[in-house]
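These notes concern the structure reproduced below.
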């Protein structure tokens, strides 16, 4: 196979509609828009969701739920992601981003207890699960809340 052999699958590419090109095309004169009316005009038609003046669905349905504006958003981090961190390192959100352990941090960081650590490190985060705190301190490390 070569680049000059590549072709789209048969039927994958269709010719565009050629509007207003005579009666024989089937799309001449009114170009498939029928006669007069709102949809036949330039820029015509109604906005999405418009139901001809009937109360639209999005207004007929009841409002549900509540979003607390002070809801705490946590980026979760399991201990298994910290296995390769050298002993004695201070692991904080800046370190996690710099070393590529986390790609981005949404709000705060919470450390969870899945996985095992092999060396003592100091972990600084906004929250810890009980299991994570126990595993960090069992090796002589520190779990510091920011």
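The values are calculated or read from the model by the stated rules, or taken from the named source; none is laboratory data. Just so it is clear, the structure is predicted and the values come from calculations on it, not from any experiment. Reconstructed Cβ throughout: ideal geometry from the backbone, glycine too, with neighbour counts over all protein chains shown.
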note = Scanning the range 8-38 residue by residue, the ones that are under 30 Å from residue 50 (Cα atoms) and under 36 Å from the mean Cα position of the chain (by Cα) total 2
Residue 82 vs. criteria under 19 Å from residue 128 (Cβ atoms), without any contact (Cβ under 8 Å) to a residue 40 or more places away in the chain and assigned by TED's automatic domain parsing to the domain that holds residue 135 = no
request  = Would you mind stating whether residue 24 is free of Cβ contacts under 8 Å to residues at least 24 places away in the same chain, outside any loop (DSSP other than H, G, I, E, B) and more than 30 Å from residue 109 (Cα to Cα)?
outcome  = yes
query = Of the residues 134, 51, which single one is on the phi < 0 side of the Ramachandran plot and at pLDDT below 90?
reply = 134
ask   = How about the range 35-77: which of its residues are touching a helix residue (DSSP H, G or I) at 6+ places or on another chain (Cβ under 8 Å) and either closer than 30 Å to residue 117 by Cα or loosely packed, with under 10 Cβ neighbours inside 10 Å (or both)?
value = 49, 77
ask   = Checking residue 12 against (1) exposed (fewer than 10 other Cβ atoms within 10 Å of the Cβ); (2) touching a strand residue (DSSP E or B) at 6+ places or on another chain (Cβ under 6 Å), which test does it fail?
value = (2)
task = Take residue 135 and decide whether it is in contact with a helix residue (DSSP H, G or I) (Cβ under 9 Å, 6 or more places away or on another chain), surrounded by 13 or more Cβ atoms within 10 Å (Cβ to Cβ) and free of Cβ contacts under 8 Å to residues at least 24 places away in the same chain.
result = no
